[in-house]
Amino acid sequence: MAAENSRRSGVSEEWRCVGPVEQLRKQKCRRLYAEAGRSQDVALFYVGEKFYALEASCAHAEGPLDQGDIEELNGCYTVVCPLHFYEFNISTGKSESGLRQQTYEVKQEDDNVYVKFGCEPVHLRRPERK
Ligand code: FES
């Protein structure tokens, strides 16, 4: 899906540093704000000692997935949209509803987390340091 989005906008995907691993793993989910607008925001999850990134606005009616409950069944994590309770697999973005949430690649390098983001030339806000 990320590649499709990239092709639509004509901008290549880039790895963007979104903050230090140590800080980002303190929360199961947080919203990464994109300068290009709310529709480009990313929900970054940290579950099962791994990071995942999904488009933050629900594919159904733009509910905030970063505010959804996270459930685990047999090592498979889902986020439940707080608006109409559709569930999305955090790893694949798939839902039994037939909808699919855009996913983004995530990597850890040099103690930082990077999200491969490929639509507009946006900058993800880094979390504030204390
Ligand atoms: S907006 Fe997410 S399920 Fe409706």
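The values are calculated or read from the model by the stated rules, or taken from the named source; none is laboratory data. Note that the structure is a prediction, hence the values are computed from the model and not measured. All Cβ positions, even for glycine, are placed from backbone atoms using ideal geometry, and neighbour counts span all protein chains on display.
What the table below lists for this structure:
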item	result
Residue that is surrounded by the most Cβ atoms within 10 Å (Cβ to Cβ), among those in the range 75-84 that are more than 8 Å from the ligand (Cβ to nearest atom) and at pLDDT 95 or above	79
Flag for residue 91 being out of contact with any Gly (no Cβ under 9 Å at 6 or more places or on another chain), away from the ligand (no atom under 16 Å from the Cβ) and closer than 17 Å to residue 117 by Cα	yes
Strands (runs of 3 or more DSSP E) lying entirely in the range 16-74 (those with 2 or more residues that are charged (D, E, K, R) and either within 16 Å of the ligand (Cβ to nearest atom) or out of contact with any helix residue (DSSP H, G or I) (no Cβ under 6 Å at 6 or more places or on another chain) (or both))	29-32, 50-55, 69-73
